[in-house]
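As C-alpha cells, the structure follows; a few thoughts come after it.
The values are calculated or read from the model by the stated rules, or taken from the named source; none is laboratory data. What you are looking at is a predicted structure, and each value in this text was computed from that prediction instead of being measured. Methodologically, a virtual Cβ is constructed for each residue, glycine included, from the backbone with ideal geometry; neighbour enumeration extends over all protein chains shown.
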Amino acid sequence: MKSFYNKEAKALPVVKELLENFDEIKKEIFDFIETGKAYKHYDEYEYVDQITGESKKKLYEKDWKIFGIAKMDWEGIDDSIHAPIKDDLTNRIIKIVQRRCKKTGDILKKYENQKVLQNGFISSLTPGSKIHPHRGWNDKVLRVHLCFTDDPACVITVNGEKQSWKEKEILAFVDYDVHSVEHNGSKERVILIFDVPFECVEKYSPGFIEQRYASRKISV
C-alpha cells in the first residue's frame with residue numbers, strides 16, 4: 001500500500017511554481033507571521049481515533065496553529081464538522097492574507113481559478129505537540145505540504161509509514177488515509193498545505209488514480 005506521493009506532487013505545475021519562487025514566498029509568509037496577527041489555534045473537535053476506535057474530544061496536544069491562504073471548500077464540507085471554515089468571513093480574511101503575501105497569493109489564486117487547488121493554509125507545530133491518528137474528510141484529493149522550517153524529529157505517519165519534512169521539499173499523501181504527527185524535536189515546523197483533486201494529479205502523473213484504487217482494492 002503506497003502512503004506517500006511526493007513524486008506525483010512534484011510533477012504538478014503549482015508545486016513547480018512555488019518551488020521556483022520559494023525564497024520570496026518564505027520571506028513574505030514569515031514577514032506576515034512576524035506581525036503577530038497571522039495564527040489562530042486549530043479548531044478542537046471530537047474525532048474517532050483510527051487506531052483504537054475510541055471517540056476522543058481533542059485531535060491534538062499542546063500547540064497547533066494555522067492561518068488560511070487559499071479558499072476553504074470541498075465536496076461534502078457543508079455536512080462535515082469543518083463547515084464553519086467555509087463561511088464568508090474566513091474567505092474574506094484569506095483574501096486579505098493573499099494581498100499581504102502577494103507572490104504566494106498570486107500563485108495560489110491562479111490555480112484556485114483553474115480549480116486545481118483548494119484549502120490552502122499555513123500550519124505551525126511546536127516541539128512537544130502531537131496530532132492523533134485521524135483521517136480527513138475528502139477521499140479524492142492529494143494533500144500537498146511545502147516545508148519552510150523543519151526538524152528531523154517532527155515525524156508524520158501515514159498508514160504506518162513514517163517521513164519527516166525537509167525545508168524546500170514536498171511531502172504529499174491522501175488526506176483520507178489515517179495519519180498522525182509527533183514533534184519530539186526542538187524547532188518549530190512550519191509548512192504550506194493545500195489540496196489538489198485526483199483528476200488534476202492524474203493529468204501530470206498518468207496512472208495515479210488506477211494505482212491509488214488498485215492498492216486498496218476499490219473499483220474506480
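Of the residues in region 92-111, how many are charged (D, E, K, R), over 17 Å from Glu34 (Cα atoms) and either modelled with pLDDT of 90 or more or not in a helix (DSSP H, G or I) (or both)?
So the count comes out to 4.
Given the conditions (1) of a type in the set (Asp, Glu); (2) within 18 Å of Pro13 (Cβ to Cβ); (3) without any contact (Cβ under 8 Å) to a residue 60 or more places away in the chain, which single one is not true for Asp195?
If we test Asp195 against (1) of a type in the set (Asp, Glu); (2) within 18 Å of Pro13 (Cβ to Cβ); (3) without any contact (Cβ under 8 Å) to a residue 60 or more places away in the chain, just (3) comes out false.
Tally the residues that are surrounded by fewer than 17 Cβ atoms within 10 Å (Cβ to Cβ) and of a type outside the set (Asp, Glu), restricting the search to region 23-44.
Within region 23-44, residues that are surrounded by fewer than 17 Cβ atoms within 10 Å (Cβ to Cβ) and of a type outside the set (Asp, Glu) number 8.
Name, by its number, the condition in (1) buried (at least 18 other Cβ atoms within 10 Å of the Cβ); (2) among the β-branched types (Val, Ile, Thr); (3) farther than 19 Å from Phe121 by Cβ that does not hold for Val155.
(1)
State whether the residues of region 2-18 include one that is at pLDDT below 95 and either in contact with a strand residue (DSSP E or B) (Cβ under 6 Å, 6 or more places away or on another chain) or not acidic (Asp, Glu) (or both).
Scanning region 2-18, I find at least one residue that is at pLDDT below 95 and either in contact with a strand residue (DSSP E or B) (Cβ under 6 Å, 6 or more places away or on another chain) or not acidic (Asp, Glu) (or both), so the answer is yes.
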